[in-house]
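Pasting a structure here, questions to come.
Here, each number is a calculation from the coordinates, and none is a lab measurement. Please read all numbers here as calculations on a predicted model, not as lab measurements. Here the Cβ is made from the backbone with ideal geometry for all residues, glycine too, and neighbour counts use every protein chain on show.
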Amino acid sequence: MTDHAPVAYTGPQRVLSGVQPSGALHLGNYLGALVKFARLQHGQPTFIFVADMHAITVWQEPAKLAAQTREIAAAYLAAGLDPAKAAIFPQSAVPEHAELAWIFNCVARLGWLDRMTQFKEKSGKHKERSSVGLYTYPVLQAADILVYKATHVPVGEDQKQHLELTRDIAAKFNHDYDAPGFFPLPDPLVQGPGARVMSLRDGSAKMSKSDESDYSRINLTDDSDTIAQKIRKARTDPAPLPETLEELATRPEADNLVGIFAALSERTKLDVLTEYAGQGFGTFKPVLADLVVATMGPVTAKMRDYMNDPGEIDSILATGAARARQVARPVVDEVRKLVGFWGA
């Protein structure tokens, strides 16, 4: 989008990511995001937020939003995020996100946003009825990342375009305000094998919080019986499991279940096929259900414990927000000086 030559950023390496509090978290979120967050916290400084400002780009019940924010935080903690290592906080508790987003709104270009495919998908045929926030939220995403000068961002395929926009905004800001290398051009940490979990009802669609069918996903709050029932009712084809990855790739529902098994057992899909090739789903599904229950049961139990102690969650979120602001405020203060705001 831009032709600005990047200048090397020499500041500290940081990781940032977040999840919206707009519906129940599921197995896809756990494998594709939460597990990765927990691993990353042991390397660079890590900032993991609850994206409540992004959530309100579409209508959210105000009475539920705070409770959903606590639920996301509980899931983070249950999945292994340590508030002593990672700053865990609500996006809205750090006003620097919004302040930097406005400045970036004045740096980004309409043509860039017009090419964002997610807005087209989410707005559908009635984009004129969508909120302005839904259109501009990739700019807020750029502010989320760059307010901490984050250098690495865990992303799925559907967010890679937004990270490219973040890089373009950073490069244009650095160029326009004669501040080479001020903002880093963040790199994606693309999800690894087994991280992309598909719907249990449609192997060609991602497992989603917004799917009308609860049987399409395994929620982090599902009990053992519910998990077993959902795996049992998962859509499959009549053929037994194949021997090769090539054949598996042509059977999306089988590929999804094998991928879930591989990810939870920390094995490859080929390892799973080597053990279960030629067996029918009547044999494979019960084994998979037992594995999901054994793996997710302790996570669900921890999550419920945290949700039963909202005071503890609020304390963790407040502490995380204070730590985040210690990093974000100086960045925004420097941006204000570069832009030429009065009093900066």
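State the percent of C-alpha pairs, over all pairs in the chain, separated by a distance greater than 36 angstrom.
In whole percent, the share of Cα-Cα pairs in the chain beyond 36 Å is 25.
By the gyration tensor of its Cα atoms, with a ≥ b ≥ c the square roots of the eigenvalues, what is the shape of region 135-232: rounded for a/c under 1.5, prolate for a/b over b/c, or oblate?
prolate
I need the Debye-formula profile for region 214-304: one equal scatterer per C-alpha, no solvent, reported as log10 I(q)/I(0) at q = 0.12, 0.20 1/Å, two decimals.
For region 214-304, the Cα-only Debye profile gives -0.35, -0.93.
Among Thr151, Thr236, Thr244, which one shows the highest mean-square fluctuation when the chain is modelled as a Gaussian network with alpha-carbon springs under 10 Å?
Checking each option, the largest mean-square fluctuation is seen for Thr244.
A further question follows. Name the residues whose placed amide hydrogens come within less than 5 Å of the amide hydrogen of Ile218, ignoring near sequence neighbours (fewer than 5 apart) on the same chain.
Leu27, Gly28
What is the magnitude of the charge dipole of region 214-304 about its Cα centre, with +1 placed on the Cβ of each Lys and Arg, -1 on the Cβ of each Asp and Glu, and no other charges, expressed in debye to the nearest 20?
360 debye
Give the lysines whose C-alpha is closer than 24 Å to that of Lys269, dropping any in the same chain fewer than 8 places away, or say none.
In chain and number order, the partners are Lys36, Lys206, Lys230, Lys233, Lys285.
Among the complete DSSP H segments of the chain, which ones combine at least 20 Å of alpha-carbon extent along their axis with a mean Kyte-Doolittle hydropathy of 1.0 or more?
TM-like helix candidates: 132-146.
Here is a further query. Aspartates and glutamates within cross-link reach of Lys64: Cα-Cα under 14 Å, excluding same-chain residues under 8 positions apart?
Asp52
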